[in-house]
Amino acid sequence: MLDIRFIRENQDIVQKNAENRGYRDVSIAKLLELDGQKRILQQEVDELRERRNQNSAKMKGGKPEQELIDEGKRIKVELSTREEYLTGVSAEFQVMIEGVPNMAFDDVPVGGEEASIEIKQFGEQDTGAVDHLDYATARDWLDFERGAKVAGAKFYYLKGDLALLEQAVTQYAIQFVTERNFTLMSVPHMVNQRTMTGTGFAPRSSDQSDEYSIEGEDLSLIATAEIPLTGYHADEIIDEADLPLRYAGISPCYRREAGAAGKFTRGLFRVHQFNKLEMYVFATPESSAAIHEELLQIEEGIWQSMEIPYHVINIATGDLGAPAAKKYDLEYWSPVDGMYRELTSCSNCTDFQARNLNIRVRRADGKVEMLHTLNGTAVSLARSLVAILEHCQTEDGKIRVPEVLRPYIGGREVL
RNA sequence: GGAGAGGUGCAGGAGUGGUUGAACUGGCUUGUCUCGAAAACAAGUGAACCGCAAGGUUCCGCGAGUUCGAAUCUCGCUCUCUCCGCCA
């Protein structure tokens, strides 16, 4: 969430920002009205508590006088009605402020998906490959039918060389990021509600929730390792000297993908479960923009080294999601679809997630403030396999293994 | 899953229902001393909210309750530890 003090002082631009991002229900005027009520109530409650404390201080030691006890009783009644009122207003306020999206940076294009701007391009826009689903199914590497039998639509098995290729990509990416000072983390695959919503994902009660929840437990399956990695330092104050903290979390990702269907979600491109290696950084506010660029560079480095053509887009406001101030997507060129398709993504969430989960930095001079968080996909396995399957088909119908992956698949050059 | 013990400040660790935001010890910071360091001594050392400030309120795992007043009593939850059971 945003800092309420910032909202108070910048009512108009916060409202405008929410509108740019497509948050039609956000009313900053209403939020501030509640904020005002809440502050008045808080003051009243504080004053009553002060009176209560003074009153009981008079009774320390000796036998209390009846008059003081009666006064205490009167304060108690008044206090409890005010407190109840305050609790209600606070809860309402909390729901509203959590619904306000992060402020987008000035260099983020305003508009919907179509307004996103291409900022980089790599490789050729080639054509003429066999669709990955048809190809992999024919080679008995991929089985959606049995996935459906066992779990349901959009579940799948990877078999044989494709399953091996997944491991190779994973190992290569782990090597790539750990060489760049990311600490590899194996994370909880389920998190509680606070961690889920604090990271910026919809609460389980919401019908828009893309997460699977465990019935009877305060647990949901993670949609990305970003979620448990954000929560890792919740309620902590980190010394400035220890920042940035760079983690790479590997985990399966579970997504309901309700309503997603159609030509461009075919096969492995959009599924209920996939593995992913996610970079995550806790950083000082002044360093986050530079680290964001670095995350993008790492993502580009991975795909350049595999010789997969791509471009990078600066995502427009309407497509940012709630926590990001700025987001880059790396989209690979699909020779099958003749268009760029999302492969990885990296976001600077500034202090939005940090404020939700109370993650702060203690400066050298002792001052404490919110830190910044960033996340970026190293590799998303299902989609990575799609990109490789589409790009590395040889004339005789095999798959040429990108050179950098060969050490991780027994030195094989062709599958 | 069953039984028991326990969750107090940066860490350890006291705490009788009212003088405890919290003893004491350690850590850390600053100062004195020193050529410098160590030692010693002295002072300081959590966070949130409101306020220009003075100051006020809140926080002793979390949440309810009892009370004029709760770190201290009651209940629920949660986490940690020990033992048993189960198990990759």
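Some points to look at:
- Region A:150-172: number of residues that are in contact with a Lys or Arg (Cβ under 8 Å, 6 or more places away or on another chain) and more than 18 Å from A:ARG406 (Cα to Cα): 2
- Some residue of region A:24-35 being among the basic types (Lys, Arg), more than 7 Å from RNA strand B (Cβ to nearest atom), free of Cβ contacts under 8 Å to residues at least 60 places away in the same chain and in a helix (DSSP H, G or I): no
- Residue check, A:TYR135 open to solvent by less than 70 Å² (accessible area, probe 1.4 Å) and among the aromatic types (Phe, Trp, Tyr): yes
- Within region A:38-57, being in contact with a helix residue (DSSP H, G or I) (Cβ under 9 Å, 6 or more places away or on another chain) and either more than 8 Å from RNA strand B (Cβ to nearest atom) or not basic (Lys, Arg) (or both) holds for A:LYS38, A:LEU41, A:GLN42, A:GLU44, A:VAL45, A:LEU48, A:ARG51, A:ASN55, A:SER56.
- Unmet requirement for A:PHE105, which otherwise passes all of (1) more than 12 Å from RNA strand B (Cβ to nearest atom); (2) part of a helix (DSSP H, G or I): (2)
- Any hit, region A:73-90, residues being within 17 Å of A:MET1 (Cβ to Cβ), in a helix (DSSP H, G or I) and within 12 Å of RNA strand B (Cβ to nearest atom): yes
- Enumeration of residues in region A:369-415 that are touching an Asp or Glu at 6+ places or on another chain (Cβ under 7 Å), surrounded by fewer than 22 Cβ atoms within 10 Å (Cβ to Cβ) and assigned to a loop (DSSP other than H, G, I, E, B): A:PRO402, A:LEU415
- A:SER80 falls short of the stated requirement of being of a type in the set (Gly, Ala, Ser), open to solvent by less than 80 Å² (accessible area, probe 1.4 Å) and within 23 Å of A:GLY200 (Cα to Cα).
- Which listed residue is touching a residue at least 24 places away in the same chain (Cβ under 8 Å), open to solvent by less than 60 Å² (accessible area, probe 1.4 Å) and either out of contact with any strand residue (DSSP E or B) (no Cβ under 9 Å at 6 or more places or on another chain) or closer than 17 Å to A:GLY198 by Cβ (or both), from A:SER287, A:SER251, A:SER220: A:SER220
- Close pairs (7 angstrom Cβ cut-off, 6 or more residues apart or separate chains): polar (S, T, N, Q) in region A:36-58, more than 9 Å from RNA strand B (Cβ to nearest atom) and open to solvent by 60 Å² or more (accessible area, probe 1.4 Å) anywhere: none
- Residues of region A:317-368 satisfying the condition of being part of a helix (DSSP H, G or I), within 16 Å of RNA strand B (Cβ to nearest atom) and open to solvent by less than 40 Å² (accessible area, probe 1.4 Å): A:PHE352, A:ALA354, A:ASN356, A:LEU357
The values are calculated or read from the model by the stated rules, or taken from the named source; none is laboratory data. None of the values given here were measured: they were computed from a predicted structure. In this analysis, Cβ positions are derived from the backbone assuming ideal geometry, glycine residues included, and neighbour counts consider all displayed protein chains. For accessibility, only protein heavy atoms count, side chains too; no ligands or nucleic acids. Shrake-Rupley method; radii C 1.70, N 1.55, O 1.52, S 1.80 Å.
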